[in-house]
Amino acid sequence: MKFVSTRNSELRVTFEEALFQGLAPDGGLYVPEESLELQTHFKALGRDSTFHEIASLVTAYLLKGELDAGAVHRIVKNAFPFEPKLVQIDDQLSILELYHGPSCAFKDFGASFLASAMEEFLAQSNRKAVILVATSGDTGSAVATAFHNKKNIDVVILYPSGRVSPLQEKQLTTLGGNITALEVDGSFDDCQRMVKAAFVDPELSKAFPLTSANSISLGRLIPQSFYYIWAFAQLKEQLKEEFFFCVPSGNFGNLTAGLWAWKWGLPVTGFIAATNANDVVPHYLETGIYAPRPSQLTYSNAMDVGNPSNFERMENLFHKNWNLMRSLVFGDSITDAETLEVIRDVKASHNMFLCPHTAVGYKAARRFLEREARDNGHVCVLSTAHPAKFLEVVEMATGLTPELPPPLVEASTKEKQSYKIGKTLADLSTILHQVLK
Ligand SMILES: *Cc1c(COP(=O)(O)O)cnc(C)c1O
């Protein structure tokens, strides 16, 4: 299997190259060159199929010719000491909990697989890498925990001082070891600008084997397809006619991974793209007009994206055909008021806390079932973060405080360790030379 840029199908690379490049040199995003034919495998899956088995199956197909079975096994085993969990709400709706990893959000699946795959490739070629990443919160904690103690890899995380939540800051700054946290006296945009400048700086790229781990990396997207397949295997015996996934979306990486699983043969009737007020994609699905705009702040802030990068991958999958895309993907946009209402209702009716992102998905799923009268349909809603990560919103909605899960309790009790730096490339350069030997 080769991987190609969304902007030029002649630009073909191996998985390893895509992994360490991040973005394609022409500014495009990498996608698999060909589809996989996995229908027969998917048909054979059942309730007893394990997440590891499914992850290994897909990884082995995608990396055929590049990695042997032993390497695939190591990557999957090291990446996933945690698993998704499926909670059935009723006949028509279930929730796929993706927050049982070390940072308590679904981004753990992508970050952890990326870290594991990089470690494997680096060991095989006896190289080192320095991961440089800017974060406004969630991405950084998933990357930090995923790369912690990985061999031959150092991680440097830049975050804007005073602008990430106290708990997120703890998650970024308390790991130690090969993880260095830089507290930048500036905004998230400053952090991002510094990271971009470092990548193109001749002196720094000569001194350090710099690599990115941002959300558009193919190595983070592919593993997200695994849990769609696993959820299908869990549910398939009871499914009637129609089966949908509802995906709370911001940058649309999660939804894209689901679309790939469908392309490879997963029998899904459709996908619901649920957004908050940042409804660029639902608007496109309705009108055929793609109109990116500055992002708007909402309660589900990990989905506050005004120009989702992975839309380019979605267009690529549907050959820029609007009708084709909207025959499979249904959009809906949920307000902040509806988000609070759902969190309150689901706590009252099912004694269950939802994070605000999951609440957006839950509401869109219910409305879809109602509006479309899909009586023989089942919707699986992806639950993207633990409710305790968004305490303020959950408390506002319910008046109650969800309990912190063990990884967050552990982080919250540790001492913060960070280097305070200014917002210029020179500041970054000085500290890199100081902390990386
Ligand atoms: C990143 C994130 C999302 C959005 O996922 P995309 O792949 O960017 O669409 C949703 N919920 C949470 C909690 C997130 O961290």
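Structure notes:
- Failed item, numbered, when I179 is tested on (1) open to solvent by 20 Å² or more (accessible area, probe 1.4 Å); (2) over 30 Å from F244 (Cβ atoms): (1)
- Of the residues making up the stretch 201-215, those that are open to solvent by less than 20 Å² (accessible area, probe 1.4 Å) and in a strand (DSSP E or B) number 1.
- Scanning the stretch 163-178 for residues being aliphatic (A, V, I, L, M), closer than 10 Å to S418 by Cα and out of contact with any Phe, Trp or Tyr (no Cβ under 7 Å at 6 or more places or on another chain) gives a total of 0.
- Residues of the stretch 263-277 classified as aromatic (F, W, Y) and either in contact with a Pro (Cβ under 6 Å, 6 or more places away or on another chain) or more than 16 Å from the ligand (Cβ to nearest atom) (or both), total: 1
- Unmet criterion (only one of (1) without any contact (Cβ under 8 Å) to a residue 40 or more places away in the chain; (2) touching a strand residue (DSSP E or B) at 6+ places or on another chain (Cβ under 9 Å)) for A337: (2)
- Residues within the stretch 231-251 that are more than 10 Å from the ligand (Cβ to nearest atom) and open to solvent by 20 Å² or more (accessible area, probe 1.4 Å), tallied: 8
- Every pair of residues 6+ apart whose Cβ atoms lie under 7 Å, when the first sits in the stretch 252-263 and is within 12 Å of P32 (Cβ to Cβ) while the second is near the ligand (Cβ under 10 Å from one of its atoms) and among the polar types (S, T, N, Q): T256/N310; A257/Q224
- Subset tally (residues that are crowded, with 20+ Cβ neighbours inside 10 Å and farther than 19 Å from S327 by Cβ) for the stretch 257-278: 4
- Residue among N254, N301 that is within 10 Å of the ligand (Cβ to nearest atom) and open to solvent by 50 Å² or more (accessible area, probe 1.4 Å): N301
- Each residue in the stretch 103-129 was checked for being open to solvent by 10 Å² or more (accessible area, probe 1.4 Å) and either away from the ligand (no atom under 14 Å from the Cβ) or not hydrophobic (A, V, I, L, M, F, W, C) (or both), and 10 pass.
- The test for being away from the ligand (no atom under 11 Å from the Cβ) and either within 23 Å of A142 (Cβ to Cβ) or outside any helix (DSSP H, G or I) (or both) does not hold for Y284.
- Exactly one residue out of P308, P294 is closer than 30 Å to E395 by Cβ, away from the ligand (no atom under 16 Å from the Cβ) and either among the aliphatic types (A, V, I, L, M) or modelled with pLDDT under 95 (or both): that is P294.
- Cβ-Cβ under 7 Å pairs, at least 6 apart or on other chains, the stretch 285-310 side farther than 22 Å from V329 by Cα and in contact (Cβ under 8 Å) with a residue 12 or more places away in the chain, far side outside any loop (DSSP other than H, G, I, E, B) and near the ligand (Cβ under 10 Å from one of its atoms): Y299/P356
- From K347, K320, residue being modelled with pLDDT of 95 or more, more than 23 Å from the chain's Cα centre (by Cα) and crowded, with 16+ Cβ neighbours inside 10 Å: K347
- Scanning the stretch 86-102 for residues that are within 16 Å of the ligand (Cβ to nearest atom) and either open to solvent by 50 Å² or more (accessible area, probe 1.4 Å) or assigned to a loop (DSSP other than H, G, I, E, B) (or both) yields L98, Y99, H100, G101, P102.
- For the stretch 130-142, the tally of residues that are within 12 Å of the ligand (Cβ to nearest atom) and open to solvent by less than 10 Å² (accessible area, probe 1.4 Å) stands at 5.
- Cβ-Cβ contacts under 8 Å between residues 6 or more apart (or on different chains), taken from a first residue in the stretch 40-52 that is closer than 15 Å to Y227 by Cα to a second residue that is surrounded by fewer than 11 Cβ atoms within 10 Å (Cβ to Cβ), are listed as G46/E237; R47/E237.
The values are calculated or read from the model by the stated rules, or taken from the named source; none is laboratory data. Please read all numbers here as calculations on a predicted model, not as lab measurements. Glycine also receives a Cβ, built like all others from the backbone with ideal geometry; neighbour counts cover every protein chain displayed. Side chains included, ligands, DNA and RNA excluded: accessible areas come from the protein's heavy atoms. Shrake-Rupley method; radii C 1.70, N 1.55, O 1.52, S 1.80 Å.
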